[in-house]
Number of protein chains: 2
Amino acid sequence: MKKITIGEASRTSGVKVPTIRYYESIGLLPEPNRSEGNQRAYEPADLRRLAFIRHARELGFEVEAIRTLLTLQDDPHQSCASADAIAKARLIEVEQRIRSLMALKAELELMVEGCGHGRVDQCRVIEVLADHGQCSHARH
Amino acid sequence: MKKITIGEASRTSGVKVPTIRYYESIGLLPEPNRSEGNQRAYEPADLRRLAFIRHARELGFEVEAIRTLLTLQDDPHQSCASADAIAKARLIEVEQRIRSLMALKAELELMVEGCGHGRVDQCRVIEVLADHGQCSHARH
DNA sequence: TCTTGCACCTCTAGTCGCTAGAGGATGTAG
DNA sequence: CTACATCCTCTAGCGACTAGAGGTGCAAGA
């Protein structure tokens, strides 16, 4: 049973060293055992937990949501309704965000296309920003 | 020439009062004249500037980008190449964000659909989070 | 054995764009 | 004149890290 240093944990999980320590400080990761020289010594289970956290963060789950998901994972006999609800809520957020970004994209495209590449006083980018009324009236 | 209070400026621009003071503190808005009682007294030009800022923020431009756009607007004889570049960069950011959110949406949908609404140990949501290999290999 | 040099430790403070709250002054309507 | 809303400044907090200072541990080469 070789001990896993924080650096190895970082390399295998793709989570930066200070971020791992941060996760520990906010209680997402348990405090690992320490070596004689007071260095963190992780175990495979910690690496799995770290991978879980990383994946969830990549999917945009907030730390509090991840905290809940982790407690669910820790107790596999519970109903998964909460996990389901958290994922659904995240899905709805993502869908809304996509919609608003699409509207935004349309408006930016209009701005960029309309730019005559001349001087600022003819610039559609500046003009549109200065006058919301010129927008294609995307909801924002 | 009636003086415009910060509250009126807030109502007409839709920017909250503390946010207006914040914009002043970081130099996006000029320091307005003060009334006898030391209250800010805005002028129409300030309201236009505030509207510009708000619109740009809604489009997701960062404060530093807005700072540049504002200096461009202040000097209309400059080339609008910078404004154009800033808007284009923002457009690219938005497009990338949309792409990554679409991938994310697909993965969340798989998770949610796959949830059997039973116990956690059969929950696809938890399972997928725990094992990245189960992803549809969206790039993340 | 010594030394070099990297990885580790803790702690504090900074990032971005606000937002909240304390504690007090001013302005306005009845 | 009294409420009460609005204004003022100032500091601290949010989320999720990130950066840096100042120090210790450890493994490998000379």
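The values are calculated or read from the model by the stated rules, or taken from the named source; none is laboratory data. What you are looking at is a predicted structure, and each value in this text was computed from that prediction instead of being measured. Note: ideal-geometry Cβ built from the backbone for every residue, glycine included; neighbour counts use all protein chains shown. With ligands, DNA and RNA removed, areas are computed over all heavy atoms of the protein, side chains included. Shrake-Rupley method; radii C 1.70, N 1.55, O 1.52, S 1.80 Å.
Would you mention how many residues in region A:37-57 are open to solvent by less than 40 Å² (accessible area, probe 1.4 Å), more than 14 Å from A:ILE20 (Cβ to Cβ) and away from chain B (no Cβ under 11 Å)?
Residues meeting the conditions: 0.
Among the listed residues A:LEU28, A:LEU129, identify the single one that is open to solvent by less than 20 Å² (accessible area, probe 1.4 Å) and touching a residue at least 40 places away in the same chain (Cβ under 8 Å).
Only one candidate passes the filter, namely A:LEU28.
Quick check on B:ARG48: is it more than 16 Å from DNA strand D (Cβ to nearest atom) and under 14 Å from the mean Cα position of the chain (by Cα)?
no
Within region A:63-75, track down each residue that is under 16 Å from A:VAL15 (Cα atoms) and buried (at least 21 other Cβ atoms within 10 Å of the Cβ).
A:ILE66
Please verify whether region B:5-12 includes one or more residues that are under 26 Å from A:MET102 (Cα atoms), open to solvent by less than 50 Å² (accessible area, probe 1.4 Å) and in a helix (DSSP H, G or I).
no
When you check A:ILE20 against the structure, is it more than 12 Å from DNA strand C (Cβ to nearest atom), in contact with a Lys or Arg (Cβ under 9 Å, 6 or more places away or on another chain) and either in a helix (DSSP H, G or I) or more than 27 Å from B:CYS123 (Cβ to Cβ) (or both), yes or no?
Spelling it out, it is not the case that A:ILE20 is more than 12 Å from DNA strand C (Cβ to nearest atom), in contact with a Lys or Arg (Cβ under 9 Å, 6 or more places away or on another chain) and either in a helix (DSSP H, G or I) or more than 27 Å from B:CYS123 (Cβ to Cβ) (or both).
Which condition number does B:GLY60 fail, the rest of (1) surrounded by 16 or more Cβ atoms within 10 Å (Cβ to Cβ); (2) within 7 Å of chain A (Cβ to nearest Cβ); (3) outside any loop (DSSP other than H, G, I, E, B) being met?
For B:GLY60, the exception is condition (3).
Within region A:90-126, count every residue that is open to solvent by less than 70 Å² (accessible area, probe 1.4 Å) and more than 9 Å from chain B (Cβ to nearest Cβ).
Here the count works out to 4.
Can you tell me which of A:SER100, A:SER79 is small (Gly, Ala, Ser) and over 22 Å from B:SER100 (Cα atoms)?
On inspection, the qualifying residue turns out to be A:SER79.
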